[in-house]
């Protein structure tokens with residue numbers, strides 16, 4: 001197999017608009033290198049209003065700047081699995097907010113060299129190895145953890161259908177603390 005150079009950028013962006021704008025500029029410099037590139041992490045901004053539910057509205061200027069960064073670097077938002085919203089502010093009452101701020105953006109070069117998303121396949125294999133190791137090391141505590149995670153997932157699914165149900169929110173916080 002031929003060796004390839006890839007660029008993988010991990011992001012945990014500040015919520016301040018000016019700092020994010022500066023980061024988009026710095027990342028754009030990385031994108032100028034003609035190599036397969038992926039940008040992964042917490043971008044702290046939504047791509048569209050539809051990626052946010054609840055209190056307040058996202059800054060249209062910040063969204064526009066984020067979209068400009070994505071389009072000017074010819075990046076694609078990969079398909080995510082699981083819950084639509086990756087973050088909740090954990091507030092109560094009418095100030096609760098859900099957003100999709102975590103994502104993986106890739107350029108065409110990344111897609112071309114990762115035909116079939118080899119990385120995903122390797123991560124799935126790694127997951128199996130780690131599960132076996134975890135069972136050997138931790139035994140039945142893993143079953144308990146899975147039960148708690150399943151219960152939390154059920155709560156989150158119910159919450160996605162009824163995001164302003166404060167009882168479900170309280171259950172989520174309590175269950176997350178148990179985990």
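Express in whole angstrom the spacing between the alpha-carbon centres of region 53-121 and region 154-179.
22 Å
Name the shape class, rounded, prolate or oblate, that the alpha-carbon gyration tensor gives for region 88-131, where a ≥ b ≥ c are the square roots of its eigenvalues, rounded holds for a/c under 1.5, and otherwise prolate holds if a/b is larger than b/c and oblate otherwise.
Taking the square roots of the gyration eigenvalues as a ≥ b ≥ c, region 88-131 is oblate.
Taking all pairs of different Cα atoms in region 1-143, averaging 1/r and flipping that mean, what Kirkwood radius in angstroms comes out?
17.4 Å
Answer rounded, prolate or oblate for region 117-179, using the Cα gyration tensor with square roots of eigenvalues a ≥ b ≥ c: rounded when a/c is under 1.5, else prolate when a/b is larger than b/c, else oblate.
Note, shape of region 117-179 comes out oblate.
Restricting the count to DSSP beta bridges whose residues both fall in region 1-115, what percent are antiparallel, rounded to a multiple of 5?
Antiparallel bridges make up about 65 percent of those DSSP assigns within region 1-115.
Among 45-58, 132-145, how do they line up from the highest to the lowest mean number of other beta-carbon atoms within 10 Å?
Per-residue mean Cβ counts within 10 Å order the peptides as 45-58, 132-145.
Taking the alpha-carbon set of region 19-67, what are its Rg and Dmax in Å?
So, for region 19-67, Rg and Dmax equal 12.8, 41 Å respectively.
Which order do the peptides 92-98, 38-44 come out in when sorted by mean C-beta neighbours inside 10 angstrom, highest first?
Values: 92-98: 13.7, 38-44: 19.1.
Highest-to-lowest ranking by the protection proxy: 38-44, 92-98.
Every number here is computed from the coordinates shown, using simple stated rules; none is lab data. The structure displayed is predicted, hence computed values, not measured ones. A quick note on method: Cβ atoms are made from the backbone with ideal geometry, for glycine too, and the neighbour counts reach across all protein chains shown.
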